[in-house]
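First comes the structure, then the notes that go with it.
The values are calculated or read from the model by the stated rules, or taken from the named source; none is laboratory data. Keep in mind that this is a model prediction, so the values were computed, not measured. When we count neighbours, we look across all protein chains shown, and the Cβ atoms used for this are built from the backbone with ideal geometry, even at glycine.
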Amino acid sequence: MNVVVIGHVDHGKSTVIGRLMADTHSLPEGKLEQVKARCANDARPFEYAFLLDALADEQAQGITIDSARCFFRSEKREYIIIDAPGHIEFLRNMISGAARAEAALLVIDAKEGVQENSRRHGYLLSMLGIRQVAIAVNKMDLADYAQATFESIRDEYRDFLSQIGVEALDFIPLSAREGDNIIANSERMPWYTGPTTLDIFDSFTKEQDTADKAFRFPVQDIYKFTASGDDRRILAGRVETGSARVGDEVVFLPSQKRSTIATVEGFNLPPQTQAGAGQSTGFTLREQIYVNPGELMCKADEPMPQVSTHLAVNIFWMSRQPMVRDKKYKIKLAGARMPVWLHEVVTVLDASELTTDSNRQQVERHDVAECILETLKPIAFDLSTDIAQTGRFVIIDNYEIAGGGVVLKAVESATNRITERVQQREQRWQRSNITPHVRSTRYNQRSTLVLICGPANTGKEKLAKALEEHLFESGRYVYYLGLSNTSLSMDVTESGQRDEYIRRLGEVSHLFTDAGLILIATISDLDDYELDTINTLNQPSDFRIINVGPNRFSRANVDLQIDDVSDPADAVHEIKQLLTAKQYLIEYYL
Ligand code: GDP
């Protein structure tokens, strides 16, 4: 069980931990005596906190007694105390996933009472989503073990916690130094009949084991079988949580494509029938579908992850450069990597000062902020409270990790960067008196965007040029947009080149179709979301999809499917028929 002990400096955190180690007899043989003797030798008073230092020294010298970092054990289980030398380190570790506290013990000095820092720490726990919190009112010996002192601190702090949505499981009066209420109830506080500190630890509930959670497999890579004629693919990656076996029906998100597991491939191992949490493995599927690396494979009969472009998150920012709006960053979340923007800052907790601020536009170094992020395309994820592995992320700026965080929830959003851009464009656009209808009548055609899609190297460009030529020869106003997309494989989504290409294509289409032309463009491996982007930018004109080769869309309706373009003339003829049927090519006028 992972627990963090947190509180204002000198309120007694290390003493509480040292006491728990000593009183539960979890220390290595003779350690307590050794530290006590050393203190006596140096003529300084013994402190339980020194036990932590002594253990840390041992660990540093590699003679660690306990590689699992177990600090103490009760009859029920072992406890790992998460290292929280300072709240910045704690935050960084929690958010990056290096350490995950399942519960917290917050220590308040009875004599000093609730300090500003005690409040800030409560706030921090709430931001991190740690729901199991117990409060120790320590140094009761300095307050004459008075019930009234304990109760006034308890009431004040409980009030505060309820304001920030945290419910304390227990409040316990302690004297860590004297050992009161640590593992046994104290006779000096007969008025307290609640659980001891150790009982409280034992009452924390353990997080569900990763193996028992829903199956999550971020697809990292796709390998093709090399034998000719074998079109099977291995989806490679690491099972984050849960398990899956041959025959399970699976869904890929965000594409929502479905298939069934055919085999579980063990690398350098004989084939398996199932794979579980923590395993790096590969799956093949019964029905061949096209999925991209970065998709999240889940089981159809289990709770699904969320899919959205807008995420409410808690972020911890580490980079010297503040996180600002309108700057493109990269997010790595549940196996996906994609461009992301800071959409809105909700509140900021300054982690050095630990003060909150709701009026900030950017996130500074060491801030913890609740914000809304916007991704380029819908992304699949879990809420960090459900599945931590697929609910936390890092933000990359300039090839370096600039921040990290946890997902709080998906946010519905009516607008996104593209629709906002179109709204601005429409506001500024000056319309002339020549309406689309007037143009259409003069040109004998309705404008549209003809998108020739499909996998790379299927002869799309040749077809596009032949189509342009044919329409031009028959008197149409047509243009083939030769923006080269040959180097734009799906992989460059990350670098943002592809995303820029899609945006330009959308903007340019809007211009050309607005001018009354039939615009022809080709693009490889177009996906549904990119198509949405082009469509939004190209509005109010419409588009038609001609798909050459295997169809990889999961939602979009293809207007014309062409399997073979070895003779472009046939394909051109088919496209022309489509354009005529849809009344883009007006054949005659009375
Ligand atoms: P931390 O900074 O929160 O880890 O605090 P420490 O555990 O190092 O304790 C700070 C000081 O408070 C030390 O001098 C401890 O001896 C003292 N202290 C801790 N617990 C108690 C207690 O229950 N009673 C009294 N009187 N002093 C305590």
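Being surrounded by fewer than 22 Cβ atoms within 10 Å (Cβ to Cβ), at pLDDT 95 or above and among the hydroxyl-bearing types (S, T, Y) is not true of Y501. For R216, indicate whether it is of a type outside the set (G, A, S) and either over 36 Å from the mean Cα position of the chain (by Cα) or within 16 Å of the ligand (Cβ to nearest atom) (or both). Here the answer is no, as R216 does not meet what is asked. Within segment 29-51, the set of residues being of a type in the set (K, R) and closer than 12 Å to G18 by Cα comprises just one member, K31.
Residues in segment 302-342 that are surrounded by 16 or more Cβ atoms within 10 Å (Cβ to Cβ), part of a strand (DSSP E or B) and without any contact (Cβ under 8 Å) to a residue 60 or more places away in the chain: how many? Counting residues in segment 302-342 that are surrounded by 16 or more Cβ atoms within 10 Å (Cβ to Cβ), part of a strand (DSSP E or B) and without any contact (Cβ under 8 Å) to a residue 60 or more places away in the chain gives 2. Is it the case that some residue within segment 409-431 is under 17 Å from M323 (Cα atoms), over 12 Å from the mean Cα position of the chain (by Cα) and in contact (Cβ under 8 Å) with a residue 60 or more places away in the chain? For segment 409-431, residues under 17 Å from M323 (Cα atoms), over 12 Å from the mean Cα position of the chain (by Cα) and in contact (Cβ under 8 Å) with a residue 60 or more places away in the chain: absent.
Filtering segment 552-590 to residues that are within 29 Å of S255 (Cα to Cα), touching a residue at least 40 places away in the same chain (Cβ under 8 Å) and among the polar types (S, T, N, Q) leaves only S554. Pairing each residue of segment 17-46 that is under 19 Å from D202 (Cβ atoms) with any residue that is more than 14 Å from the ligand (Cβ to nearest atom) and in a loop (DSSP other than H, G, I, E, B), provided the two are 6+ apart or on different chains, yields C-beta distances under 6 Å for M21/L27; D23/I183. I'm trying to understand the selection: among the residues of segment 159-182, which are assigned to a loop (DSSP other than H, G, I, E, B) and within 16 Å of the ligand (Cβ to nearest atom)? Those that are assigned to a loop (DSSP other than H, G, I, E, B) and within 16 Å of the ligand (Cβ to nearest atom): L174, A176, R177, E178, G179, N181, I182.
Annotation for segment 272-281: no member residue is assigned to a strand (DSSP E or B) and under 30 Å from G454 (Cβ atoms).
For segment 223-266, a residue qualifies if it is farther than 10 Å from F283 by Cβ, in contact (Cβ under 8 Å) with a residue 60 or more places away in the chain and in contact with a strand residue (DSSP E or B) (Cβ under 7 Å, 6 or more places away or on another chain), and the qualifying residues are E240, T241, G242, L253, P254.
Within segment 155-177, the set of residues being farther than 20 Å from T24 by Cβ and among the small types (G, A, S) comprises S162, G165, A168. Only strands (runs of 3 or more DSSP E) whose full extent lies in segment 204-264 are considered here, and the ones with at least 2 residues that are at pLDDT below 95 are 217-224, 233-238.
Residues in segment 362-398 that are hydrophobic (A, V, I, L, M, F, W, C) and assigned to a helix (DSSP H, G or I): A388 alone. Whether a residue is touching a Lys or Arg at 6+ places or on another chain (Cβ under 6 Å), closer than 26 Å to S255 by Cβ and of a type in the set (S, T, N, Q) was assessed, and T390 passes this test. When the residues of segment 112-127 are filtered to those that are part of a loop (DSSP other than H, G, I, E, B) and of a type outside the set (A, V, I, L, M), the one that is modelled with the lowest pLDDT is Q115. Name the residues in segment 540-550 that are closer than 26 Å to H510 by Cα and surrounded by 16 or more Cβ atoms within 10 Å (Cβ to Cβ), would you? If the condition is that a residue be closer than 26 Å to H510 by Cα and surrounded by 16 or more Cβ atoms within 10 Å (Cβ to Cβ), then S541, F543, R544, I545, I546, N547, V548 are the ones that fit. Residues that are assigned to a helix (DSSP H, G or I) and among the β-branched types (V, I, T) do occur in segment 183-198. Looking at T197, T205, T193, just one residue is within 30 Å of G129 (Cβ to Cβ) and away from the ligand (no atom under 16 Å from the Cβ), and that residue is T205.
Does segment 135-158 hold any residues that are within 16 Å of the ligand (Cβ to nearest atom), out of contact with any Pro (no Cβ under 6 Å at 6 or more places or on another chain) and not in a loop (DSSP other than H, G, I, E, B), and which are they? Scanning segment 135-158 gives I135, A136, N138, D141, L142, A143, T149, I153.
Quick check on segment 415-450: of everything there that is basic (K, R) and surrounded by 10 or more Cβ atoms within 10 Å (Cβ to Cβ), which residue is farthest from S509 (Cα to Cα)? This residue is R442. Among the residues of segment 575-590, none is identified as at pLDDT 95 or above and of a type in the set (D, E).
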